[in-house]
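Report on one structure; see the data block that follows.
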Amino acid sequence: MAYSDKVLDHYENPRNVGSLDKNDPNVGTGMVGAPACGDVMKLMIKVDGTGLIEDAKFKTYGCGSAIASSSLVTEWLKGKTVDEAYKIKNSAIAEELALPPVKIHCSVLAEDAIKAAVADIREKQAATKEAK
Amino acid sequence: MDRMPIYLDYSATTPVDQRVAEKMIPYLTEQYGNPASRSHPYGWTAEKAVENAREEVAKLVNADPREIVWTSGATESNNLAIKGAANFYSDKGKHIITLATEHKAVIDPVRELERQGFTATFLEPNDDGLVDIEAFKAAIRPDTVLASVMFVNNEIGVIQDIEAIGNICRENGVIFHVDAAQATGKVEIDLASLPVDLMAFSAHKTYGPKGIGALYVRRKPRIRIEAQVHGGGHERGMRSGTLAPHQIVGMGEAFRIARLEMEEENARIRTLHDRLLNGLKNIEETYVNGDLKKRVPHNLNISFNYVEGESLIMAIKGIAVSSGSACTSASLEPSYVLRALGRTDELAHSSIRFSIGRFTTESDVDYTISLLAEKIEKLRELSPLWEMFQDGIDISKVEWDEH
């Protein structure tokens, strides 16, 4: 299988690998995929007081394209608002990494991970407001 | 071009031994006669070479040269044996027994016979890859006509108890075919004593050329098969087509070298196997696929848990190995052999088949161990499953959102 240079770069030097404190009320976690399907992505985002994403970390079990897709989105997420993050489309990820058709599902999974992380942070923030 | 990776895929194919190649070449350019030409020395020379080679192939497996039929390779030999015997003896019954872990060259001819009205039992082996002898016995029916069991498994290297299975077949009047493509030069094969009726061989798994193989067809008691390729009536009518003396000479020489050198070579390969196994065992959460004792030392199939197979293959570009996950194709299908052993999809996906051979060195093995240790650590740092495992979470109990 031939990989694009961008996939290889993210695979060889993945950006923002790791985890954030999942109990932090300003951290949202999205975990998508399944081991039996060959890919699991965990994406964590941290939102600052002004609603901007100040940090993003990922861990991915999956092929090179899945690792590259999640590494790329952590770069894109930083500095965006939660609403902007929610609008990131898988097609943009696939285009940036020049993913072949059989690897499009990796970009779909990355989009799903963003949506799951955003949903989590929104839920947490709603809960915090109620508590107040 | 980058340096070629270290070759650890001897179960896929082997290089042609230099000594074999040298023997072959004159039969392309100088001794180019057709062995079927009876009227001149060109034909006589070619025929003599073919018969010498037939003797060498027979000697490796302690058979009579008249029991050896040339084919284009093990796939053709398996097709000829299975379809040829099933069709010839179909009035005796139409049930076939084979294993779920056989090579496709056995499974697919059996499937084809099913389409022609035969029925088949695909026995699941035990978790160690070995046939449960009692289950085999129980699978035999009054209408069972043929059984086909591989000697050495191509993916996991386990050695089946051919003698025990053959004896059961004999007691029940079942014709017994054995795919020995992965066995020649690796295990002793004595067809004078083994209760086997048909056996398939390949040259290119034993340092001979690709495109040539043979089928053993027992003479006493005589086994009959229906030809699958019709034409000039070569090979006593069992397989027509002009013989390829250069290929045949190559197979003969490769099998001669195997006979003379296998004892010493296998001792050396066992040392390398143990070195590789001990090195890789130090990596946490690794699982050997297939029984470790009843196994050829040439094969080591290991699953590395919590690492995805395709990314692992991508990470170990410095070595040429096979993966249990068919990642070169678009479909991410885990190996059907590993699935038949009861391995989970994840473990089947993350398996690597290392196969070592004549030209593997100690430093190749050491490089492989350090490469694997480094890359698996890196991929596990990236793996959310590894993190969960470290936190004591049982991955199999998590509700995954399957997509």
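Out of B:263, B:284, one residue alone is more than 18 Å from residue B:126 (Cα to Cα), more than 14 Å from every other protein chain (Cβ to nearest Cβ), surrounded by fewer than 20 Cβ atoms within 10 Å (Cβ to Cβ) and under 21 Å from the mean Cα position of the chain (by Cα). It is B:263.
Could you check the stretch B:133-178 and list, in sequence order, the residues that are among the acidic types (Asp, Glu) and either part of a loop (DSSP other than H, G, I, E, B) or farther than 21 Å from residue B:94 by Cβ (or both)? Matches in the stretch B:133-178: B:134, B:143, B:155, B:161, B:163. Counting only residues that are touching a residue at least 12 places away in the same chain (Cβ under 8 Å), surrounded by fewer than 18 Cβ atoms within 10 Å (Cβ to Cβ) and part of a loop (DSSP other than H, G, I, E, B), the stretch B:32-63 holds 4 of them.
Identify all residues within the stretch B:77-91 that are in contact (Cβ under 8 Å) with a residue 60 or more places away in the chain and farther than 15 Å from residue B:208 by Cβ; write none if there are none.
First pass over the stretch B:77-91, keeping only residues in contact (Cβ under 8 Å) with a residue 60 or more places away in the chain: B:77-89.
Of everything in the stretch B:77-91, those that are in contact (Cβ under 8 Å) with a residue 60 or more places away in the chain and farther than 15 Å from residue B:208 by Cβ turn out to be B:78, B:79, B:80, B:81, B:82, B:83, B:84, B:85, B:86, B:87, B:88, B:89.
Filtering the stretch B:338-367 to residues that are in a helix (DSSP H, G or I), touching a strand residue (DSSP E or B) at 6+ places or on another chain (Cβ under 8 Å) and within 12 Å of residue B:273 (Cα to Cα) leaves only B:364. What is the number of the single condition among (1) of a type in the set (A, V, I, L, M); (2) over 26 Å from residue B:124 (Cβ atoms); (3) within 11 Å of chain A (Cβ to nearest Cβ); (4) surrounded by 15 or more Cβ atoms within 10 Å (Cβ to Cβ) that residue B:398 does not meet? (4) is the only condition that residue B:398 fails.
Just so you know, in the stretch B:203-257 the residues that are of a type in the set (D, E, K, R) and outside any loop (DSSP other than H, G, I, E, B) include one that is surrounded by the most Cβ atoms within 10 Å (Cβ to Cβ), and it is B:253.
When the stretch A:1-23 is filtered for residues that are of a type in the set (A, V, I, L, M, F, W, C) and either more than 10 Å from chain B (Cβ to nearest Cβ) or part of a loop (DSSP other than H, G, I, E, B) (or both), the ones remaining, listed by number, are A:1, A:2, A:20. The listed residues are B:295, B:339, B:380, B:358, and the only one of them that is away from chain A (no Cβ under 14 Å), touching a helix residue (DSSP H, G or I) at 6+ places or on another chain (Cβ under 7 Å) and surrounded by 18 or more Cβ atoms within 10 Å (Cβ to Cβ) turns out to be B:358.
Look at (1) in a loop (DSSP other than H, G, I, E, B); (2) among the β-branched types (Val, Ile, Thr); (3) under 24 Å from residue B:276 (Cβ atoms) and you find that residue B:376 fails only one, number (1).
Selection over the stretch A:86-116 of residues that are within 12 Å of the chain's Cα centre (by Cα) and surrounded by 23 or more Cβ atoms within 10 Å (Cβ to Cβ) gives a count of 7.
Read the figures in this text as sums done on the coordinates, not as results from a lab. It should be emphasised that the depicted structure is a prediction, and the values quoted were computed from it without experimental measurement. As a convention, Cβ positions derive from the backbone with ideal geometry for all residues, glycine included, and neighbour counts pool all protein chains shown.
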